[in-house]
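Data block below; observations after.
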Amino acid sequence: MTDLISVIMIFSIPLVAIVTAHMRSQSKIQYKMVKDQIELEKLKQENFLLETEKMKMELRFTKPVEEKEEVLSFIEQEKGQI
């Protein structure tokens with residue numbers, strides 16, 4: 001009986017080491033995935049901020065032109081009524 005227990009203990013140690021190594025490698029892979037996802041989210045956020053800033057700048061440039069066109073069309077309508 002003690003022989004059986006000693007054989008089981010001898011073979012269980014490498015099995016535990018194999019399972020532990022596998023779990024450790026899985027944890028490293030998961031860590032890398034999470035790290036890459038965080039980097040991707042940072043890039044998405046930066047892209048969003050850049051696009052928002054670009055749209056703000058476009059609105060600043062187009063708004064005065066549209067207002068000028070509205071004023072000119074109003075003036076032309078007033079001239080036409082006179």
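The values are calculated or read from the model by the stated rules, or taken from the named source; none is laboratory data. Since this is a predicted model, take the numbers as computed values, not measurements. For the accessible areas, the whole protein counts, side chains as well, though only heavy atoms, and no ligand, DNA or RNA atoms are used. Shrake-Rupley method; radii C 1.70, N 1.55, O 1.52, S 1.80 Å.
Quick check on residue 25: is it over 36 Å from the mean Cα position of the chain (by Cα) and assigned to a helix (DSSP H, G or I)?
Criteria not met by residue 25.
Only one residue in 10, 75 is over 24 Å from the mean Cα position of the chain (by Cα) and open to solvent by 100 Å² or more (accessible area, probe 1.4 Å), so which one is that?
Sole residue among the options that is over 24 Å from the mean Cα position of the chain (by Cα) and open to solvent by 100 Å² or more (accessible area, probe 1.4 Å): 10.
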